[in-house]
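*Asks:* What follows is a single structure, and I will ask about it in a moment.
The values are calculated or read from the model by the stated rules, or taken from the named source; none is laboratory data. Keep in mind the model is a prediction, meaning the values are calculated, not measured. Every residue, glycine as well, gets a Cβ built from its backbone with ideal geometry; the counts of neighbours run over all protein chains shown.
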Amino acid sequence: MITIAALLLALQGGNIDGAGITGSLLQQLGQDKFDVVPGYSGSVQLLALNNDVKGLDDLRVRQAINYAIDIPEIIDTAFYGYGEPSGSPLIPALTAAYETALKNPYSVDVERARRLLTEAGYGNGFALEITVPSNYTMHVDTAQVIVNQLAKVGVNATIKLVDWATWLSDVYDVYTGRKYEATIISLDANTVSPRSFLSRYRSDAGSNFINFRNAAFDRVYDSICTETDDTVRAALYREAQRIISDNAAGVYIQDIIGFKVFPKGRFAGAVNYPLYVIDFSGVYSNTALSR
């Protein structure tokens, strides 16, 4: 696997024709020498909170964390200013079902966050370990911003970097996992549908590594599965999102965004697919056409 340093050197030296990179790497490259194509991934980046862990099993604590986190600052710092807050477990592109009121459900309020922590018995703060898969630079960058933000309300957050295999076994796996407090990850769905994005939040879902359990959500989700009227189903989707947000299952940041970069003026035709890879089938050389 190519290292980040090698990737940057290859791009800067002209040894490769393009690459997919994150916001922090984009800053290192400099946009004056590269054409940049931003692209959403179709997956929701979030700070997932293990709702079964002591402290995080208290709604007030989870809400305090939400009030402490400045999502626009994350986007500005870790994603070079590209992207829009989502506040929902659904990607905003699912416009018929997305609850637009969740664009900013927990505006930054340090005093309110401190007050909630005090009410929950954590007036002197508490420690929080954030497990992050080290192979995803954008999640590591996000974690670094969040650590500084949480410190302002008295939460001493630390980052635990793990490889992908360890993340899957210790965090995600239904049999061996759930041994974590918080994690930063991007969640996609089996199909790009509201129902698929929401399915992991049902209490008995095997993919419910957040350990979110809410009877009202389960009832709404079960109604979604049997409802045939599109208008009614869309309203149920929005209600389900509000339940997850009101119960602060996690901190929902954005439909995560990455960047495709090409040497300035050399190529065109890159398509902004919601994928981490570059589809070179439609990319053509401007140099070749000019000959």
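*Asks:* Which pairs have Cβ atoms under 6 Å, sit 6 or more apart or on different chains, and link a residue in segment 206-230 that is farther than 25 Å from residue 251 by Cα to one that is of a type in the set (A, V, I, L, M, F, W, C)?
*Replies:* Pairs found: 223/236.
*Asks:* If you check residue 68 against the conditions, is it in contact (Cβ under 8 Å) with a residue 60 or more places away in the chain, closer than 22 Å to residue 155 by Cβ and touching a Leu at 6+ places or on another chain (Cβ under 6 Å)?
*Replies:* yes
*Asks:* Residue 68 - would you say it is out of contact with any Ser or Thr (no Cβ under 6 Å at 6 or more places or on another chain), at pLDDT 95 or above and under 20 Å from residue 201 (Cα atoms)?
*Replies:* On the way: out of contact with any Ser or Thr (no Cβ under 6 Å at 6 or more places or on another chain): yes; at pLDDT 95 or above: yes; under 20 Å from residue 201 (Cα atoms): no.
Against the criterion (out of contact with any Ser or Thr (no Cβ under 6 Å at 6 or more places or on another chain), at pLDDT 95 or above and under 20 Å from residue 201 (Cα atoms)), residue 68 does not qualify.
Here's the yes/no breakdown for (1) at pLDDT 80 or above; (2) of a type in the set (S, T, N, Q); (3) farther than 22 Å from residue 159 by Cβ:
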position	(1), (2), (3)
1	no, no, no
11	yes, no, yes
18	yes, no, yes
24	no, yes, no
38	no, no, yes
45	yes, yes, no
54	yes, no, no
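*Asks:* Of all residues in segment 91-138 being modelled with pLDDT of 95 or more, aliphatic (A, V, I, L, M) and not in a strand (DSSP E or B), which is farthest from the chain's Cα centre (by Cα)?
*Replies:* 120
*Asks:* For residue 174, indicate whether it is touching a residue at least 24 places away in the same chain (Cβ under 8 Å), within 23 Å of residue 112 (Cβ to Cβ), more than 19 Å from the chain's Cα centre (by Cα) and assigned to a loop (DSSP other than H, G, I, E, B).
*Replies:* no
*Asks:* Mind checking which helices (runs of 4 or more DSSP H) fall wholly inside segment 190-291 and carry at least 3 residues that are at pLDDT 95 or above?
*Replies:* Details: elements: 194-198, 215-226, 230-246, 286-289.
Filter on segment 190-291 gives 194-198, 215-226, 230-246.
*Asks:* Still on this model: Quick one: how many residues across segment 151-171 are over 17 Å from the mean Cα position of the chain (by Cα), surrounded by 15 or more Cβ atoms within 10 Å (Cβ to Cβ) and hydrophobic (A, V, I, L, M, F, W, C)?
*Replies:* 4
*Asks:* Another one. Would you mind finding the one in 16, 69 that is over 19 Å from residue 256 (Cβ atoms), hydrophobic (A, V, I, L, M, F, W, C) and touching a helix residue (DSSP H, G or I) at 6+ places or on another chain (Cβ under 7 Å)? Lay out the reasoning, then the answer.
*Replies:* Values: 69 fails: over 19 Å from residue 256 (Cβ atoms).
Result of the check over 16, 69: 16.
*Asks:* Would you confirm, using the coordinates I've provided, whether residue 89 is touching a residue at least 40 places away in the same chain (Cβ under 8 Å) and crowded, with 21+ Cβ neighbours inside 10 Å?
*Replies:* So residue 89 passes the test.
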